[in-house]
Every structure is written in structure tokens, then in C-alpha cells.
Amino acid sequence: MKFLSVELENFRPYQGTQKISFARDPETNVTVLWATNGGGKTTLLNAFTWALYGELSADVEKPDQLINTTVWNSADEGTPLTASVTVEFEHRGDVYILKRSVYASKRGVIQPRPRPELQLWRRERGGNLEQVLNPSGILNQMLPARLSRFFFVNGERIEALVRHDSGEDVREAVKTLLGLEAMERAVDHLPKVAEKLRRGIKAEDASQQMLDDLLGKMEDTERMVQEQQRRRNGAEKEKKHFDSEIQSLNLKMTQLTEAKELQKERYRMEDQLRRIRTVRQEQEEERAKLVGTSGFLGFLPALPGKILAACEELRERGELPAPLKRAFIDDLLERGQCICGTPLTGGSPHRTALEHWRARAGLAEVEAAWNQLRGTVESIDEQRTRMHEALRSLDERIAEAQEEQRRLEHGIDEIGNKLKRLPSEEVLRTEEKLDAAKLDRDEKVAAIGAAIAEIQRLGSVKEGLKNQIEKLEVKDARSRRIRSRIMAVEEASTALAKILEILSQGVRRRLDARIQELYRQVSFKSYEPELTPDFELELWDSSGSERIPAPKSTGENMLLALAFVGSLIGEAREGQENGRTFIQGIGGDFPVVMDAVFGNLDDDYRKAIADFLPRLASQVVILTSKAQAGEIVEQELRPRLGRQYVITAHTTKTDVSSVTEKLTLNGNTYPYQVVGSDRTGAEFTEVRN
Amino acid sequence: MTNKMDQQEIERVQQILTKINPNAYDVIRMVLALEWENLHKSEALARNTVRDEMAKKVEGIA
């Protein structure tokens, strides 16, 4: 997708019809719009999301007042008025024109609640416009609303992506991007399909009542599962909040001079504790596997001897099958007479029977099986000894890990006590808050565990009920067909759940690699970003012997968030090139529109971001004030600038202090803020090259 | 490294898809197409539509 132009008609501060076109050349792919604070930048960002999705950001004041107030106020009562945003864009080789409008007749000062209308046309080769049906659905397929915040970026809010509790937003974005949202919904919805089908089964007369009872119980159980899932999701959300609080309190501790060293030591021990827990878990799993596959050997101490003795006795008594030698039968066939005297003439049934026996003669299998049995039985003792040794070794290692775990936990507690004994009041308060947050977090962990256990139990109950339903005698062929459909639906649901997990982790891994690469290119720090398996953006400092969370400044947060946006755009682009969107993900080349990305940053970060932005996407639109960007951004962006506009802010006020009246760009001067104007609003002027 | 892992990912998905019953495969195709069509709807609305539509669509399965 590439934006060609946007046209605003009486939309918020933009009076009349005003249009801007965007840079599209790959080498000069940046369009910059310069505007003062409150001068119409954020409105322009909102114009995109309103046109595409009918959405305005939450901080927009008086969101119902979409028609330019100067136009509204100066109109006569009853005059029909309109406001609209028209976006012309190119998507997969076609040009589209999208227009969202509101209409209202002037009645008083306050505008009525808007009821926007959306239209979408595709421009045909001859220039004719073909209306596209279901414009909202089509637009949402091209660039889903859930992704809009990553492509229409508000610099003041994008930083929030780096917060701990943003994992869900990031995960949702990733799933939408790869088309996993449809798959995720399918996994949730297929059991409902199976339930509906199950209700259509008819049992034999006597069983019908039982079937109805079982179906009722199934529905009750499903309701209970949903309730537990709701509890689990709630607890997980709260746990994330406490995790985030713990992380920021820990970081605060590293910034307090008295606590710094102890906190670093605690980080080191916590990192070791995490590793030792993983090792212990692996060893416990290995032990469980060993017991599962070889545990039976422990119950056979005397059995091998007994088996061998019993077989030997049979052999001695001649009760084991004696070997029937092939040579013996060959002799009989050659002689043409059996030992009982029966003639064995060619083609006779007796000769045929003997020839049949010849093929089975030798009982080699019996001999081989006996030898194998003997070998196996004799090796049981040895196998048992080996298993005991392996178990002993695992037990010892697990005990060592437990001991190490206890030591580290004790050490971490000790550090907590030492911190509390330090003379600093602030350290004490921070440590107490940390203790409280950890307790709260542990409470949530317990709640999550309880919900998971209950979901598992209810899962078994459901499975049992399903089995009972399957065992009931169904009445007719139709019911039998329904059963086979239910089986297909359930198999599809299980397979999709597995595929969803594989693809989610696959895209997470690819995005993680991209984020690391992009972040390395742009950051001055030797930190390592990570998109965790829980889809949270983390920043690590590995400069010491242990990896510890890096202190995240506003600049680093911005870089990390932008690296994430860049990774999404890159993944979408590559997804289309490599045909990875086989489940209809969002593939393609997407533009990015950014508002206020340079605010509150020092010059180094402004320069780094200005250098980074043109590489982030194939089309970049930057909305900034001159004060936020400064000379350094202008210099950095100049080689990549395709188009520039000034958004002149008009105000009827006259008593405004510290006004920047003019803006000089490319040697030309443009009005920037007009005080004492005949109107209040915003106006585009293209900057001459 | 990444390409190798991508390949493994594709193989794992293919393995799952080749092992399942052809009827289950058809269900997957039908439900994904339906979910995609209803993606712009709210979750609750999409759930009801998919449940009702799929119950009819699977009637084509023998």
C-alpha cells in the first residue's frame, strides 16, 4: 500500500478543500509536514484513521464536532454542511479512492452526533471508477484496524509498546499481521460447531433422555470452562501489571547509589535461579521419562530367574517343541514313501501336505525366539542395574539443583534484608514496595495455577461426557453421519490449534531477529532487545557477566518501539514476497505515518531516529514541529525528502506570546503561525524545492 | 539459520495437514475461509455466524 494523496474538506481545523500528495520515490520516500504544536498534525494523523476505520484517538477533544467550526458557526440555520476525508492509495497494483463523509444541517451551535458514510472506488485502467462493495470489510483486509496503531504512530503513545502489559497488544498485532487472527477464531469457534452438531444427534428411544442429560452437562461444563478461562485471563493481566511494577522497582534500585551493588548481585542470583530452575525441570522430566519407559524393571528382581528355570524344566521334560529337521522331510519325499508306509506319489494330497510341512520345517523361528527370550531375560538384571544407576544419578543432580536453588533463594532473601537495613529511607521504601508487589504477583500465579488445574479437570469431565455420548446407540443413519462430522470438526480444531502455535512462535522468532538487527543499526547502547515468547518487548544489558534488564530511557524506548514497527513492516513485505501469507495474512508493502516522534529526545536520539525512519518503510510521512525536530533532523532527512508541506496555524487571537511567525525551508519563507487571522484553523502549503 | 527454521516450520505444518483425515482437512479450509469473511465482525457476532454456517457447510461431508 502506498498513499498517493489525502484531501480534507472542512475536516476539523481544515477549512475548505485542502489536499496534499505524498512522496513515493524509493530513494526520496519521506514526506514531512511541519506544524506548530496544536497546529493540525495530530488531526491529520487522525484523518487517516478516521477515513480508514472511522476511529479517532482517545485524546481528541469534542470528537463529534467533525465539521470545521468556522464553517459551522458562519452557516445559516438549516444549511446542509459536510466534512470529509478522501484518501487515494495504491494497493497491489490497483489505485483506490476512499472517502468518508459526514453530513449535517446546521441546527444551533453544537453539531449532531455524526453518522459517517464510507465509499470506496477502484480506478480502472481507463480512468473510470468502479465502486467497491463492503468497503469496511475490504479495507480491514488490506490493513486491519488492529494494526493501525503501528502504521499510524503517535510518538507520545508508541513508547507504551515497551511496557510489560503491552504484550497482549503486540501479540494481537503479530497475529493479525500473519492472518493468525482468523485461525485463532477458528480454534475457538470449532468446538461450538461440534456442540451444535451434537445437539442434532438422535439416540434410540431409551437412550434419548440420557443423551439430553449428557448434552446438558456438556453445556454446563463448557460454561464453567469459560468462567475459569475468564478468571485465568484476569489473573494473567494482573500478574503482568505486578511484573511490570517489580521490574521498574528493581530498575529504580539500580539507580539508587547505596543499593546499586546489592541490586546487581540480586539480578545475578535471580538469573542463576532462573537457569537452575530450568535445569531442574529438565532433569525431572528426564527422570519421569525414564521411569515411564523402564520403571517396570524395578518390579522384576526375581522374575528373570524364574522364567529361565521354568523354560529349562520344560526343555528337560521334552515339552518344548522339538526341532523338525528339513533334511528328514527331504529324505521322505525322495524315497516316495512316508514312515507310516503311505505312498507319496507326485500330486497326491499326502505328498502335497508333506511339501507344505517342508516349508515350515526346522522351526527356526522357535529356536530363534527361544534364544532371544533367553538373551532378553538374562539381560533384565543388567538393564535394571543400569536404570537404577541412571535414576540415582538423576536424583543426585536434582538434589544438587534443589540445594543450589535453596542457596540462591536464601541469598536473594538475604540481599532483601541487607537492603532494608541500609540507612536510606528510599531504599527501604522501594524494597518494601518490591516485597508487596512480589507477594501480589505470587498470589496471581497461584490463581492462574488454580484456574489451569480446574480447566484441565473440566477438560477431562468433558472428554468423559463426550465418550459417553459416543457410546450411546444412535437412532439412524443421519445421526451416524453427524457423528462422523463431529469427529472431523474436532480433528480440524486440534490440528489448527497445533498449527497456530507453530506459526505464532515462528513469526515471533522472525520478528525477534528483525528487531535485534534494526535496533543494533540505530542504538548507541550495546543493549540486546528481545521479543519474548510472551510477545513482550524487553531490553537486556549483557555488558557484565550476567544478562540484566537494561534501564530504558525515553530515547531507548522510542528506538525499541520503532524497531518493532520496522520489524512488522519488514515481515509484512517479506510475507508477501515469499508467499508466506498462505493463511491469508496481511502481506505487502505498507507506509508509516508518524506524529511527534522527536519530542523529548536529545540531539543524538533525534539524529538516530531521523536517520532510521526513511529505512523503516518504503513510504514515510512525518508530522513534526520545527521545535521538536530541530536543525539536526532536517539535515539528516534532507537527502530522503520527497515532499514537504508547512501546516500554517491561524488564530483569531491577538494576545499570543512566543509565536514563530515564519518558517524558512529550502531558502523560502512560509507563514507558520498567523496571529490575529480572520479565522482559526490550519492550512497546507507545499514547500518549493 | 532462520531459513532453516522457517523450512522446519513449514514441514511441521505440512506434516500435521497430511496426517489428518481428508474430512478434517476440508473443515479447516471451510472454517478459515469463513472466519476470514467474518473477521471485520465483532467476536461474538462472528462466533454465531461461523457456528451456524459451519453446521450447514459440514453437511457436505459424508
Exercise. Among A:THR376, A:SER57, A:LEU394, whose Cα sits farthest toward the positive end of the charge dipole of chain A (+1 at Cβ of Lys/Arg, -1 at Cβ of Asp/Glu, about the Cα centre)?
Worked result: A:SER57
Exercise. Amide H to amide H, which residues 5 or more places from A:GLN337 or on other chains are under 5 Å from it, using H placed in the peptide plane?
Worked result: A:LEU344
Problem set entry | Near-label residues of region A:400-434 by backbone N, under 13 Å of a point 7 Å along Cα→Cβ of A:THR257 | A:424
Exercise. So what J values fall out for region A:132-139 if you push phi through Karplus, 6.51 cos²θ - 1.76 cosθ + 1.60 with θ = phi - 60°, rounded to Hz, Gly and Pro as x?
Worked result: 9, 7, 6, x, 5, x, 5, 5
For this session: Between the chain alone and the structure with every protein chain in place, find the residues of region A:136-164 that drop at least 40 Å² of accessible area; heavy atoms, 1.4 Å probe.
Result: A:GLN141
Seminar exercise, completed: Relative contact order of chain A (C-alpha contacts under 8 Å, at least 6 apart) in percent is 25 percent
For this session: Choose one of A:GLY39, A:GLY126, A:GLN468: the residue whose Cα lies farthest towards the positive end of the charge dipole of the protein assembly as shown (beta-carbon charges +1 Lys, Arg; -1 Asp, Glu; about the Cα centre).
Result: A:GLY126
Exercise. In whole Hz, what ³J(HN,Hα) sequence does region A:533-549 give by Karplus (6.51, -1.76, 1.60; θ = phi - 60°), x for Gly and Pro?
Worked result: x, 8, 6, 10, 8, 10, 10, 10, 10, 10, 6, x, 6, 10, 7, 10, x
Problem set entry | Cα-based Kirkwood hydrodynamic radius, the protein assembly as shown, one decimal, Å | 32.6 Å
Exercise. If you plug each phi of region A:79-85 into the Karplus form 6.51 cos²θ - 1.76 cosθ + 1.60 with θ = phi - 60°, what whole-Hz ³J(HN,Hα) values come out, in order, with x for Gly and Pro?
Worked result: 5, x, 10, 9, 9, 8, 10
For this session: Please calculate how many Å² of accessible area the protein assembly as shown carries per residue, with a 1.4 Å probe and no DNA, RNA or ligand atoms counted.
Result: 51 Å²
Exercise. In terms of modelled amide H atoms, which long-range or inter-chain residues lie less than 5 Å from the amide H of A:TYR645?
Worked result: A:VAL32, A:LEU33, A:TRP34, A:VAL687
Exercise. How many angstrom separate the Cα center of region A:78-151 from the Cα center of region A:176-241?
Worked result: 38 Å
Problem set entry | FRET efficiency estimate (nearest 0.05) - Cβ-Cβ, A:LYS62 to A:GLU426, R0 30 angstrom | 0.10
For this session: Could you please tell me the mean projected area of the C-alpha convex hull for region B:21-62, averaged over all directions and given in square nanometres to one decimal?
Result: 2.8 nm²
Problem set entry | Gain upon complete extension [A:GLU156, A:ASP413; 0.36 nm per residue less C-alpha separation] | 88.7 nm
Seminar exercise, completed: Between A:VAL153 and residues 5 or more places away or on another chain, the pairs with built amide H atoms under 5 Å apart involve A:VAL593, A:MET594, A:ASP595
For this session: Quick one: check the C-alpha center-to-center distance for region A:390-435 versus region B:16-62, whole angstrom.
Result: 51 Å
Seminar exercise, completed: XL table A:LYS62/A:LYS444; A:LYS444/B:LYS19; A:LYS2/A:LYS239; A:LYS240/A:LYS289; A:LYS289/B:LYS19; Cα-Cα > 31 Å flagged, in table order, is A:LYS62/A:LYS444; A:LYS444/B:LYS19; A:LYS2/A:LYS239; A:LYS240/A:LYS289
For this session: Run the 1.4 Å probe and let me know the accessible area of A:TRP50, rounded to the nearest 10 Å².
Result: 10 Å²
Problem set entry | Theoretical FRET efficiency, 1/(1+(r/R0)^6), r = Cβ-Cβ of A:GLU168 and A:VAL109, R0 60 Å, to 0.05 | 0.90
Exercise. Quick one: what does P(r) look like for region A:23-168 with 10 Å bins over all Cα pairs, in whole %?
Worked result: 9, 31, 35, 21, 4, 0
For this session: Report the label-to-label distance for A:ASP25 and A:GLU265 in nanometres (one decimal), using points 7 Å from each Cα along the Cα→Cβ vector.
Result: 6.2 nm
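The values are calculated or read from the model by the stated rules, or taken from the named source; none is laboratory data. As the structure is a computational prediction, the values presented were derived from the model and not from experiment. Here the Cβ is made from the backbone with ideal geometry for all residues, glycine too, and neighbour counts use every protein chain on show. For accessibility, only protein heavy atoms count, side chains too; no ligands or nucleic acids. Shrake-Rupley method; radii C 1.70, N 1.55, O 1.52, S 1.80 Å.
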